[in-house]
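Please read the structure below before turning to the comments.
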Amino acid sequence: MDRIDHLFNHYANRSSSHLIDPEGIEELCSNLEVPHTDVRILMLAWKMKAEKQGYFTLEEWRRALKAMRADTISKLKKALPELEKEVRRPSNFADFYVYAFRYCLTEEKQKSIDIETICQLLDIVLGSTFRAQVDYFIDYLKIQNDYKVINMDQWLGFYRFCNEISFPDMSNYNPELAWPLILDNFFEWMREKQA
Amino acid sequence: MSNQKKRNFQIEAFKHRVVVDPKYADKTWQILERAIHQIYNQDASGLSFEELYRNAYNMVLHKFGEKLYTGFIVTMTAHLKEKSKLIEAAQGGSFLEELNKKWNEHNKALEMIRDILMYMDRTYIESTKKTHVHPMGFSLWRDNVVHFTKIHTRLLNTLLDLVQKERTGEVIDRGLMRSVIKMFMDLGESVYQEDFEKPFLDASSEFYKVESQEFIESCDCGDYLKKAEKRLTEEIDRVAHYLDPKSEEKITSVVEKEMIANHMQRLVHMENSGLVYMLLHDKYEDLGRMYNLFRRVTNGLLTVRDVMTSHLREMGKQLVTDPEKSKDPVEFVQRLLDERDKYDKVISTAFGNDKTFQNALNSSFEHFINLNARSPEFISLFVDDKLRKGLKGFVDVDVEVILDKVMMLFRYLQEKDVFEKYYKQHLAKRLLSGKTVSDDAERSLIVKLKTECGYQFTSKLEGMFTDMKTSEDTMRGFYGSHPELSEGPTLIVQVLTTGSWPTQPAVPCNLPAEVSVLCEKFRSYYLGTHTGRRLTWQTNMGTADIKALFGKGQKHELNVSTFQMCVLMLFNNADRLSYKEIEQATEIPASDLKRCLQSLACVKGKNVIKKEPMSKDIGEEDSFYVNEKFTSKFYKVKIGTVVAQKETEPEKQETRQRVEEDRKPQIEAAIVRIMKSRKILDHNNIIAEVTKQLQPRFLANPTEIKKRIESLIERDFLERDSTDRKLYRYLA
């Protein structure tokens with residue numbers, strides 16, 4: 001326990017409050033030899049159940065490192081692949097997916113995330129498993145004018161879309177069902193391109 | 001007791017049995033046989049009925065019933081065989097006559113014989129369950145004459161030939177036909193059917209198959225139907241005269257099938273004479289005939305109805321999407337009403353007010369009226385025209401008729417809320433310009449709309465009427481308390497409750513001094529009695545009557561808009577004014593000012609102002625002066641008009657946008673209402689229920705409904721079910 005706390009303090013000593021701040025996280029990343037925007041950092045945050053983007057509290061830190069049985073940087077680094085496997089398990093991934101969205105809601109009462117951030121988030125979270133869908137959808141998001149932000153319902157809708165709809169033919173997609181409207185529009189746009 | 005010798009004296013039981021002379025039976029039979037011969041030879045007059053009867057009776061009594069019966073059969077058979085030879089020998093036309101004659105003879109003979117043999121009929125035959133005399137007589141005739149090979153086919157062919165002749169117009173002996181065919185009927189239903197009716201129906205079928213083909217190639221639809229009807233009547237007549245009544249249904253079925261059912265499509269679709277032609281040219285008689293004939297066959301009326309429906313839809317579609325026809329809204333609607341009247345008349349005159357046709361008419365109208373998005377606006381304009389001047393001079397009853405017809409069109413509209421918006425605008429203009437022809441008519445229509453759509457639809461409209469009334473009272477109060485104002489310009493104010501009237505942005509405008517003084521006096525009067533209210537002058541909606549004196553002494557009273565009044569009054573203090581000066585003085589916005597100046601300076605017959613340069617459009621460098629030479633044959637000249645007009649494109653867009661905005665909360669309210677009561681509902685059902693709930697006002701777009709659902713999800717009124725994506729859940 002002490003070593004975990006000690007490790008925490010190493011990264012937290014820059015900020016005035018007893019937290020690891022964005023700079024601290026950056027240092028952590030370079031020590032772990034993981035890029036700052038890598039999905040594994042997000043996974044680590046998930047493991048911590050970190051509430052505020054860019055900051056880790058002592059409690060959150062302890063939670064993750066204890067579960068991962070890591071009390072040094074090298075142990076933490078070695079535990080990352082295992083963490084990734086754990087997160088990618090279907091039972092956990094849905095939860096992680098929701099968490100990723102919430103993590104980006106920085107303001108109080110914020111319910112939606114701007115398009116640009118969403119595009120980045122999609123890339124990070126789903127890029128490795130649903131490359132094609134993510135690329136096309138990001139293209140569409142950038143072109144369309146109907147929505148300037150994306151909400152949780154639409155975010156979840158896209159995940160279901162990737163899991164259930166065959167791509168790129170989308171032969172089993174039916175816009176008359178309860179899919180979020182933005183996906184109906186995406187579907188139309190794809191169809192037009194394919195014609 | 002004396003001992004007497006026994007006598008052979010017995011009282012014996014009465015016995016029928018009499019010691020029979022074996023030859024007795026033969027003798028008796030011979031008598032009877034001879035009698036039968038004589039009867040058949042028309043030589044019966046010398047016979048004693050009583051004697052013959054007794055002989056027959058005795059035979060049966062003495063147990064010779066069988067001999068009698070058999071004898072009777074054999075004898076009759078022999079006679080019939082003879083008769084059939086005679087019949088067969090008859091040539092040509094007399095064949096049938098011979099047959100008929102012999103049949104009648106046989107019947108007479110049979111009756112006599114039956115009477116003679118009645119005891120046998122009732123006892124011997126009864127107990128042995130053999131065939132009775134009379135029916136046996138018929139069977140024998142059937143077997144030996146009718147079914148005699150040399151007669152059988154010839155008989156049938158002769159009969160069928162005669163029918164054929166009659167069908168081609170020849171006169172035949174109907175009495176003879178009836179007699180012979182009755183013979184078949186008497187011989188039994190199966191004989192009639194097998195030996196006559198069935199072949200008759202087959203032959204008729206062939207005949208009509210050929211004839212109908214001929215007709216259809218050579219006649220137009222109306223003529224063909226006349227012929228078909230004629231043939232039907234003939235066949236019914238034929239049955240009445242010489243066939244079994246039960247045949248009527250069968251033969252009419254044949255005619256219906258061959259002449260109508262088989263050619264239904266071709267008839268209905270016939271170019272230049274079929275159903276569409278008849279409809280277009282109001283051929284009531286032909287249409288009625290078609291209706292009566294087609295209703296006899298399966299899917300006959302369905303076919304007519306379908307063709308009528310697609311014709312109506314096509315015609316309607318062309319009518320409403322033709323840009324030429326949309327130029328004049330009043331004419332557009334009148335044309336719709338005329339078409340509806342026309343088809344109404346067709347259905348009531350020719351189709352017996354058939355409800356299914358009424359429904360087809362209604363659904364067709366509903367379909368195409370909504371193809372033109374401006375229909376709601378146009379119907380409102382039509383009503384506006386009627387309420388302004390169109391109903392002038394109409395009696396109450398006629399007014400009601402027109403309003404009811406308008407309501408009928410209204411019912412067809414899918415976007416009733418669009419109509420409401422326009423109706424409100426047009427009503428406002430009518431009320432404010434005092435241009436309504438009949439207050440009663442206005443009220444009547446509101447009542448009808450309320451009955452159709454409920455209280456909410458009309459509550460604001462009624463509010464408008466109330467405002468008008470209240471304003472009258474207010475004006476009375478105002479002038480009552482300011483008697484000094486009876487000299488000088490007269491101000492008439494209508495105070496409008498903002499929520500009830502169509503919203504207009506208030507346009508700034510500098511009123512002439514004498515007018516603004518009055519306005520201020522009114523404002524303080526009003527606010528004195530109604531504290532807490534805010535009054536805003538709607539200068540873009542007012543009118544003014546001005547007395548003007550022109551150069552050569554011409555006096556006129558000009559009826560103008562408020563803006564026009566502001567401009568004209570400036571010329572009391574200046575001879576000539578530039579555009580910029582007018583703009584500065586009145587502060588009227590540029591587009592309104594230009595329109596205003598145009599109506600004062602550029603319209604022939606109304607140009608009380610002259611403009612330099614004399615171009616058509618108003619330019620910002622132009623200058624204006626009074627037209628001293630202005631003339632008009634009327635003392636009162638109307639310049640400003642506040643008549644409702646068809647909207648321009650941008651105005652139309654704006655109205656449409658406002659309607660769409662108004663719909664959003666209505667859709668959301670419907671969704672919430674439904675979800676609150678159902679708690680959980682799947683996507684398709686929500687769409688269906690919402691659409692149904694909103695249908696009295698407008699047709700809800702499924703995409704729009706989806707948008708509203710998502711918005712409600714975002715605002716935490718609803719959520720998606722976590723396991724079944726198609727379900728929505730109400731969040732209390």
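The values are calculated or read from the model by the stated rules, or taken from the named source; none is laboratory data. These figures come from a predicted structure and were not determined experimentally. All Cβ positions, glycine included, derive from the backbone under ideal geometry; neighbour counts span all protein chains shown. Keep in mind that these areas ignore ligands, DNA and RNA; they rest on the heavy atoms of the full protein, side chains included. Shrake-Rupley method; radii C 1.70, N 1.55, O 1.52, S 1.80 Å.
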- Query: Looking only at the range B:598-622, which residues are among the charged types (D, E, K, R) and open to solvent by 20 Å² or more (accessible area, probe 1.4 Å)?
  - Reply: B:LYS604, B:LYS606, B:LYS610, B:GLU612, B:LYS616, B:ASP617, B:GLU620, B:GLU621
- Taking the range B:430-482 and keeping only residues that are more than 22 Å from B:VAL493 (Cα to Cα), open to solvent by 20 Å² or more (accessible area, probe 1.4 Å) and among the β-branched types (Val, Ile, Thr), one is left with B:VAL447, B:THR451
- Query: A:LEU156: at the interface with chain B (Cβ under 10 Å from one of its Cβ atoms) and open to solvent by 10 Å² or more (accessible area, probe 1.4 Å), yes or no?
  - Reply: yes
- Do you know which residues across the range B:415-452 are in contact (Cβ under 8 Å) with a residue 40 or more places away in the chain and among the polar types (S, T, N, Q)? B:GLN425, B:SER433, B:THR436, B:SER438, B:SER444
- Item | Flag if B:ALA732 is of a type in the set (Gly, Ala, Ser), under 22 Å from A:MET152 (Cα atoms) and more than 14 Å from chain A (Cβ to nearest Cβ) | yes
- Message: For the range A:87-102, give me the residue count where each residue is open to solvent by less than 40 Å² (accessible area, probe 1.4 Å) and either of a type in the set (D, E, K, R) or more than 12 Å from A:TRP155 (Cβ to Cβ) (or both).
- Response: 4
- Message: Only one of B:PHE624, B:PHE571 is at pLDDT 90 or above and more than 28 Å from B:VAL493 (Cα to Cα). Can you tell me which?
- Response: B:PHE624
- Conditions: (1) over 27 Å from B:SER444 (Cα atoms); (2) in contact with a Lys or Arg (Cβ under 7 Å, 6 or more places away or on another chain). B:MET407 meets all but one. Number of the miss? (1)
- Between a first residue in the range B:453-479 that is in contact (Cβ under 8 Å) with a residue 24 or more places away in the chain and a second residue that is open to solvent by 60 Å² or more (accessible area, probe 1.4 Å) and charged (D, E, K, R), which pairs have beta carbons less than 9 Å apart while being 6 or more apart in sequence or on different chains? B:CYS453/B:ARG697; B:PHE457/B:LYS450; B:PHE457/B:ARG697; B:LEU461/B:LYS450; B:PHE465/B:ASP439; B:PHE465/B:ARG443; B:PHE478/B:LYS521
- Task: For the range B:498-535, name all the residues that are out of contact with any Ser or Thr (no Cβ under 7 Å at 6 or more places or on another chain), outside any helix (DSSP H, G or I) and open to solvent by less than 70 Å² (accessible area, probe 1.4 Å).
- Result: B:GLY499, B:SER500, B:TRP501, B:PRO502, B:LEU511, B:PRO512, B:HIS530, B:LEU535
- Item | Residue check for A:LEU65: crowded, with 18+ Cβ neighbours inside 10 Å and either at pLDDT below 90 or of a type in the set (Lys, Arg) (or both) | no
- Message: Could you check the range B:206-225 and list, in sequence order, the residues that are surrounded by 16 or more Cβ atoms within 10 Å (Cβ to Cβ) and either touching a strand residue (DSSP E or B) at 6+ places or on another chain (Cβ under 9 Å) or part of a helix (DSSP H, G or I) (or both)?
- Response: B:PHE207, B:TYR208, B:GLU211, B:SER212, B:PHE215, B:ILE216, B:CYS221, B:GLY222, B:TYR224, B:LEU225
- Message: Please go through (1) open to solvent by 20 Å² or more (accessible area, probe 1.4 Å); (2) closer than 21 Å to B:VAL507 by Cα; (3) modelled with pLDDT of 85 or more for B:SER591 and return the number of the only condition it doesn't satisfy.
- Response: (3)
- Query: helices (runs of 4 or more DSSP H) wholly in the range A:1-64 with at least 1 residues that are on the phi < 0 side of the Ramachandran plot and more than 15 Å from the chain's Cα centre (by Cα) - which ones?
  - Reply: A:2-12, A:22-32
- In the range B:712-721, how many residues are more than 10 Å from chain A (Cβ to nearest Cβ) and either open to solvent by 40 Å² or more (accessible area, probe 1.4 Å) or among the hydroxyl-bearing types (Ser, Thr, Tyr) (or both)? 1
- Message: With the requirement that a residue be more than 55 Å from the chain's Cα centre (by Cα) and part of a helix (DSSP H, G or I), what does the range B:552-564 give you?
- Response: none
- Note on the structure: When the range B:667-681 is checked residue by residue, the ones that are surrounded by 17 or more Cβ atoms within 10 Å (Cβ to Cβ), touching a strand residue (DSSP E or B) at 6+ places or on another chain (Cβ under 8 Å) and more than 14 Å from chain A (Cβ to nearest Cβ) are B:ILE674
- Query: So which of A:ASP123, A:ASP146 ends up being acidic (Asp, Glu) and either more than 14 Å from chain B (Cβ to nearest Cβ) or free of Cβ contacts under 8 Å to residues at least 24 places away in the same chain (or both)?
  - Reply: A:ASP123
- Query: Considering the range B:143-162 alone, what residues qualify as being open to solvent by 30 Å² or more (accessible area, probe 1.4 Å), over 23 Å from B:ARG231 (Cα atoms) and touching a Leu at 6+ places or on another chain (Cβ under 7 Å)?
  - Reply: none
- Query: List the pairs whose first member sits in the range B:682-705 and is more than 9 Å from chain A (Cβ to nearest Cβ) and surrounded by 16 or more Cβ atoms within 10 Å (Cβ to Cβ), whose second member is of a type in the set (D, E, K, R) and not in a helix (DSSP H, G or I), and whose Cβ atoms are under 7 Å apart, counting only residues at least 6 apart or on separate chains?
  - Reply: B:PHE698/B:GLU415
- Contact list, first residue from the range B:85-97 and closer than 11 Å to B:ARG154 by Cα, second anywhere and outside any helix (DSSP H, G or I), beta-carbon distance below 8 Å, six or more apart or interchain, is B:GLU88/B:PHE148
- Note on the structure: Filter the range B:163-184 for residues that are free of Cβ contacts under 8 Å to residues at least 60 places away in the same chain and in contact with a helix residue (DSSP H, G or I) (Cβ under 6 Å, 6 or more places away or on another chain); the one that is most open to solvent (accessible area, probe 1.4 Å) is B:ILE172
- Task: Go over the candidates B:THR655, B:THR648 one by one and state the one that is of a type in the set (S, T, N, Q), within 30 Å of B:LYS386 (Cα to Cα) and either open to solvent by less than 20 Å² (accessible area, probe 1.4 Å) or within 14 Å of another protein chain (Cβ to nearest Cβ) (or both).
- Result: B:THR655
- Item | Answer residue from the range A:1-33, given it is open to solvent by 100 Å² or more (accessible area, probe 1.4 Å) and among the polar types (S, T, N, Q) and is nearest to A:LYS77 (Cα to Cα) among those | A:ASN13
- Name the one entry in A:GLU176, A:GLU188 that is within 13 Å of chain B (Cβ to nearest Cβ), at pLDDT below 90 and closer than 27 Å to B:ASP724 by Cβ. A:GLU176
